[in-house]
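Shown next, in structure tokens, is the structure this report addresses.
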Amino acid sequence: MFKSLILSGKFKEAREMAEKMTVNELTDSLLELAYETDGMMAYTFVNYLICSAGEDSDLHYLASLLLSQPLCHFDGAYKAALYHARKALELSSNDTDLKVYLLFFHDIPDKLVSKEEAVRLAQDILIDDPENQIAKRILHDYGY
């Protein structure tokens with residue numbers, strides 16, 4: 001029912017259902033929908049939620065996940081995903097997991113996150129999570 005509401009553009013009704021879900025349930029459902037349909041409706045629905053419910057770190061992160069995983073083959077998807085990831089971190093600036101997620105954009109072939117930003121993020125991550133292997137690898141790769 002939830003997925004069919006989204007696919008038919010009945011976002012108001014779908015939002016009412018989404019409000020009863022946990023963030024993880026919403027994320028799983030929308031990722032599944034995007035993989036199943038290979039279309040933009042799940043992402044469009046998340047943007048609707050952002051516009052109607054207000055700026056939210058979890059929603060921006062979800063938008064980024066949709067664009068960087070099931071929808072990554074669309075032209076410009078990684079760049080748009082990075083925008084949402086940065087917005088999520090802006091809204092939750094102390095979230096170490098979001099900082100780690102941003103490092104993904106350094107590891108992709110396009111290297112959308114620069115060496116300098118990746119090093120800074122890795123250093124910030126290790127302050128809160130001294131054993132984080134991803135941050136350690138980044139710093140090791142650049143001789144820090």
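Some values worked out for this structure:
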| quantity | calculated |
| --- | --- |
| Leu5 in contact with a helix residue (DSSP H, G or I) (Cβ under 8 Å, 6 or more places away or on another chain), surrounded by 12 or more Cβ atoms within 10 Å (Cβ to Cβ) and under 17 Å from Leu67 (Cβ atoms) | no |
| Whichever residue in the stretch 43-72 is free of Cβ contacts under 8 Å to residues at least 12 places away in the same chain and farther than 13 Å from Phe11 by Cβ and, among such residues, is most open to solvent (accessible area, probe 1.4 Å) | Cys72 |
| Condition met for Ile108 (touching a residue at least 12 places away in the same chain (Cβ under 8 Å) and open to solvent by less than 40 Å² (accessible area, probe 1.4 Å)) | yes |
| Qualifying residue in the stretch 30-38 (condition: at pLDDT below 95 and out of contact with any Leu (no Cβ under 7 Å at 6 or more places or on another chain)) | yes |
| Asp124 being open to solvent by 70 Å² or more (accessible area, probe 1.4 Å) and touching a Lys or Arg at 6+ places or on another chain (Cβ under 9 Å) | no |
| Residue match in the stretch 85-95 (condition: open to solvent by 40 Å² or more (accessible area, probe 1.4 Å) and farther than 26 Å from Ser29 by Cβ) | yes |
| Search result, residues across the stretch 13-39 that are farther than 12 Å from Asp58 by Cβ and small (Gly, Ala, Ser) | Ala14, Ser29, Ala34, Gly39 |
| Close pairs (6 angstrom Cβ cut-off, 6 or more residues apart or separate chains): on the phi < 0 side of the Ramachandran plot and in contact (Cβ under 8 Å) with a residue 12 or more places away in the chain in the stretch 28-40, open to solvent by less than 90 Å² (accessible area, probe 1.4 Å) and in a helix (DSSP H, G or I) anywhere | Leu30/Ala42; Leu33/Lys3; Leu33/Ala42; Ala34/Ala42; Ala34/Leu66 |
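The values are calculated or read from the model by the stated rules, or taken from the named source; none is laboratory data. All of these numbers come straight from a predicted model, not from anything done at the bench. Positions of Cβ are generated from backbone atoms using ideal geometry, with glycine treated the same way; all protein chains shown enter the neighbour counts. For accessibility, only protein heavy atoms count, side chains too; no ligands or nucleic acids. Shrake-Rupley method; radii C 1.70, N 1.55, O 1.52, S 1.80 Å.
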